[in-house]
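Peer 1: My structure is below; once you've seen it, I'll send some questions.
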Amino acid sequence: MRNDRTNRNLWTHSASPAPETAPLSGDATCQVAIVGGGFTGLSAALHLAEAGIDCILLEAMEIGFGGSGRNVGLVNAGMWMRPDDIVAAMGETVGGRLVEELGDGPAQVFALIEKHAIDCEAIRNGTLHLAVGEAGVKEVAIRAAQWRRRGAPVEALAADRTAALTGARGFAGALLDRRAGTVQPLGYAHGLARAAIAAGARVFTATPVLDGRSDGNSVILRTANGEVRAGKLLLASNAYSGVAPSMPWSGHRDELVPMYYFQFATRPLPPDLASRILPEGHGCWDTGLVMTSFRTDKAGRLVFGSIGALDTLGRTAHEAFARRSLRALFPFLGNVDFEYWWDGKIGMTANNLPSFHRPEKNIWSIAGYNGRGISPGTVFGHALAQVTLGNDEAMMLPVTQPAPDALRAVKSAFYDLGAAAKHFIDRRLG
Ligand SMILES: Cc1cc2nc3c(=O)[nH]c(=O)nc-3n(C[C@H](O)[C@H](O)[C@H](O)COP(=O)(O)OP(=O)(O)OC[C@H]3O[C@@H](n4cnc5c(N)ncnc54)[C@H](O)[C@@H]3O)c2cc1C
């Protein structure tokens with residue numbers, strides 16, 4: 001990825017091409033301006049353009065530069081929190097609706113992929129939430145029961161079935177969620193951008209919004225080479241809101257705690273080895289205290305990830321942990337070489353729920369997906385488009401006031417150092 005400190009992101013090498021875009025040059029006007037070219041902003045732009053709204057999307061770097069081009073590619077249902085916990089935190093009406101609509105999130109993602117023929121290695125065959133130890137089995141059983149009560153097609157698997165579906169040693173069970181699946185995430189972002197442009201959205205890349213002001217009726221956004229005047233503004237810069245530090249209205253910038261997540265991808269494995277890993281194409285993550293994930297890609301690479309940043313002292317510990325974990329999970333692989341490695345920022349919130357602000361009557365901002373953003377970004381982007389069309393009820397989140405977190409730097413470092421320390425000493429699967 002251009003301008004990236006870890007320019008070894010597999011997804012940038014294997015994604016279907018991004019549509020041709022250019023920086024903004026000169027002044028422009030539109031009905032709705034969108035800041036941020038990730039799943040949220042792109043979904044909003046696509047749905048607005050399809051509704052005949054003249055919209056402009058401004059992306060500081062390139063399409064999918066943020067979390068959308070760096071993630072694991074697990075298209076999961078719901079949020080990170082258990083469904084019952086969401087209802088307990090938000091109440092039956094609001095929480096119940098959020099759970100239901102995000103439960104259908106993967107369906108919305110895969111429907112868009114089909115409708116717009118998005119080339120993104122999409123597989124809708126379920127994901128596996130892998131149980132680590134007895135505590136993991138309990139966790140998976142609770143989630144299975146809560147989702148099944150809501151009619152979702154989920155299944156708690158025993159250890160032997162989990163071993164057969166993963167090819168991995170060491171897991172005590174799993175939750176198989178058949179609503180879910182995997183994508184090449186940057187390819188999905190590129191496809192959304194292509195579809196949005198085809199529907200009439202104007203998308204400008206390498207165009208950070210540097211500043212903005214409101215005159216009561218319109219919002220004026222300043223960029224290096226021109227201003228955009230819009231009737232309404234959607235801020236979708238999420239955990240990457242720091243790209244342009246003086247961007248106004250982004251209460252999220254001081255609210256979110258950044259948590260880094262890294263991934264290492266092997267070279268394509270020989271077919272006889274590749275066929276022994278995740279034979280049905282599931283993507284996985286586990287219940288471990290410091291979560292890990294693994295999946296394969298279309299070329300037969302194995303992609304392993306966990307919490308931590310690759311530009312800190314933790315890099316050596318994380319890489320050694322990735323090697324050790326793969327050896328323990330898949331002893332038949334022997335020593336593997338990593339061809340790609342990268343990391344990305346996840347926006348965490350204090351209550352583990354996404355947050356939605358309305359800093360002015362014609363400006364909306366959403367962020368803080370806590371690591372679950374492919375389906376939510378797509379669903380919330382759609383809802384934001386509806387909100388700007390005057391349908392406030394479309395957004396299933398309450399509007400809240402920004403709650404700046406003075407300890408965000410400390411908390412972020414805690415995630416990072418805690419994960420590095422855990423990875424340094426952890427031989428739980430070895
Ligand atoms: C490593 C990693 C693994 C993850 N794995 C998964 C997963 O498997 N499944 C899942 O569902 N979710 C996952 N997530 C979460 C998911 O990727 C994010 O929640 C989602 O991408 C957020 O999308 P977004 O569009 O809201 O924000 P982003 O994709 O972060 O996009 C924000 C964009 O705003 C731009 N921007 C910022 N400031 C400005 C400005 N001033 N002017 C113009 N543009 C600006 C940025 O450049 C960026 O491109 C993961 C996240 C990470 C980092």
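The values are calculated or read from the model by the stated rules, or taken from the named source; none is laboratory data. Only a predicted model underlies this, so the values are computations on that prediction, with no experimental measurement involved. Methodologically, a virtual Cβ is constructed for each residue, glycine included, from the backbone with ideal geometry; neighbour enumeration extends over all protein chains shown. Just the protein is used for accessible areas: all its heavy atoms, side chains included, with ligands, DNA and RNA removed. Shrake-Rupley method; radii C 1.70, N 1.55, O 1.52, S 1.80 Å.
Peer 1: What relative contact order, as a whole-number percentage, does the stretch 233-316 give when Cα pairs under 8 Å and 6 or more residues apart are counted?
Peer 2: It comes to 29 percent, rounded to a whole number.
Peer 1: Just to confirm my numbers, what's the Cα centroid distance between the stretch 246-278 and the stretch 182-220 in Å?
Peer 2: About 21 Å separates the Cα centre of the stretch 246-278 from the one of the stretch 182-220.
Peer 1: Between Glu50 and Arg150, 0.36 nm times their residue separation minus their Cα-Cα distance comes to what?
Peer 2: Here the segment from Glu50 to Arg150 would lengthen by 32.8 nm.
Peer 1: Something else about it: State to the nearest 20 debye the size of the charge dipole of the stretch 14-134 about its Cα centre, where the only charges are +1 on K and R beta carbons and -1 on D and E beta carbons.
Peer 2: Approximately 120 debye in magnitude.
Peer 1: I'd like the distance separating the alpha-carbon centroids of the stretch 291-339 and the stretch 135-161, in whole Å.
Peer 2: 26 Å
Peer 1: Sticking with this structure for a sec: Would you look at the GNM of the chain, springs on alpha carbons closer than 10 Å, and say which of Asp27, Asp104, Asp54 moves the most?
Peer 2: Residue with maximal mean-square fluctuation among Asp27, Asp104, Asp54: Asp27.
Peer 1: Obtain the nm distance between the two label points defined at Ala394 and Arg229 by a simple spin-label model: each point lies 7 Å from its Cα along the Cα-to-C-beta direction.
Peer 2: Once both label points are built, they end up 2.5 nm from each other.
Peer 1: Separate question: Per residue, how much accessible surface does the chain expose to a 1.4 Å probe? Answer in Å², no decimals.
Peer 2: Heavy-atom SASA per residue in the chain reads 39 Å².
Peer 1: Using a 1.4 angstrom probe on the protein heavy atoms only, could you order Phe332, Phe338 from most to least accessible area?
Peer 2: Ranked list, largest accessible area first: Phe332, Phe338.
Peer 1: Normalising by the residue count of the chain, find the relative contact order in percent from Cα pairs under 8 Å and 6+ residues apart.
Peer 2: After rounding, I find 24 percent.
Peer 1: For the stretch 138-217, what is the largest minus smallest coordinate of the Cα atoms on each principal axis, given in angstrom and ordered from greatest to least?
Peer 2: That gives 60, 31, 25 Å along the principal axes, largest extent first.
Peer 1: Can you spot the aspartates and glutamates whose alpha carbon is less than 16 Å from Lys232's alpha carbon? Ignore those fewer than 8 places along the same chain.
Peer 2: Within the straight-line limit of under 16 Å, Lys232 reaches these aspartates and glutamates: Asp54, Asp211, Asp215, Glu360, Asp392.
Peer 1: Another question about this same structure. For the stretch 250-388, what relative contact order do you get, as a whole percent, if you take Cα pairs closer than 8 Å and at least 6 residues apart?
Peer 2: It comes to 29 percent, rounded to a whole number.
Peer 1: Another question about this same structure. Could you pull the Cα extents of the chain along its three principal axes, largest to smallest, in whole Å?
Peer 2: Answer, in whole Å and largest first: 62, 44, 44 Å.
Peer 1: Next up: In whole percent, how big is the carbon plus sulfur part of the accessible area of the chain, probe 1.4 Å, protein atoms only?
Peer 2: 54 percent
Peer 1: OK, next. What value, in deg cm²/dmol to 500, does the helix sum -39500 (n - 2.57) over DSSP H runs of n ≥ 4 give at 222 nm once divided by the residues of the chain?
Peer 2: -10000 deg cm²/dmol
Peer 1: Another one. Considering only Met90, Met79, Met348, give the residue with the highest GNM mean-square fluctuation for the chain, with springs between Cα atoms whenever their separation is below 10 Å.
Peer 2: Largest GNM mean-square fluctuation: Met90.
Peer 1: Something else about it: First measure r as the distance between the Cβ atoms of Val94 and Asn125, then evaluate 1/(1 + (r/R0)^6) with R0 = 30 Å and state the FRET efficiency to the nearest 0.05.
Peer 2: Calculated value: 0.40.
Peer 1: Follow-up question, since we're still on this one. If the only charges are +1 at each Lys and Arg Cβ and -1 at each Asp and Glu Cβ, what is the size of the charge dipole of the chain around the Cα centre, to the nearest 20 debye?
Peer 2: Approximately 900 debye in magnitude.
Peer 1: Where in the stretch 348-372 does the amide nitrogen come within less than 20 Å of the point 7 Å from the Cα of Val410, taken along Cα to Cβ?
Peer 2: Once the point is set 7 Å along Cα→Cβ of Val410, 348-352 turn out to lie under 20 Å by backbone N, inside the stretch 348-372.
Peer 1: Something else: Write down the percent of antiparallel bridges among all DSSP beta bridges whose residues are both part of the chain, to the nearest 5.
Peer 2: Just about 70 percent of them are antiparallel.
Peer 1: Let me ask something else. Heavy atoms only, probe 1.4 angstrom, no DNA, RNA or ligands counted: give me Arg408, Arg301, Arg148, Arg161 ranked by accessible area, highest first.
Peer 2: I get Arg148, Arg161, Arg408, Arg301, largest accessible area first.
Peer 1: Per-residue counts of other Cβ atoms within 10 Å, averaged by peptide: what ranking do you get for 212-222, 28-38, highest first?
Peer 2: 28-38, 212-222
Peer 1: Once you put a point 7 Å from the Cα of Ala158 and another 7 Å from the Cα of Asp215, both along the Cβ direction, what distance in nm separates them?
Peer 2: According to this spin-label approximation, the distance is 7.2 nm.
Peer 1: Which of the listed residues, Ala163, Pro83, Ala107, is farthest toward the dipole's positive end in the stretch 81-178, when Lys, Arg count +1 and Asp, Glu count -1 at the beta-carbon?
Peer 2: Going by the Cα projections, it comes out as Ala163.
Peer 1: Then there is this: Calculate the spin-label point distance for Ala141 paired with Ala111, positioning each point 7 Å from the Cα along the beta-carbon direction, and give it in nanometres.
Peer 2: 3.6 nm
Peer 1: Taking the Cβ-Cβ separation of Glu134 and Asn351 as r and a Förster radius of 30 Å, what is the calculated FRET efficiency to the nearest 0.05?
Peer 2: E(calc), rounded to 0.05, equals 0.60.
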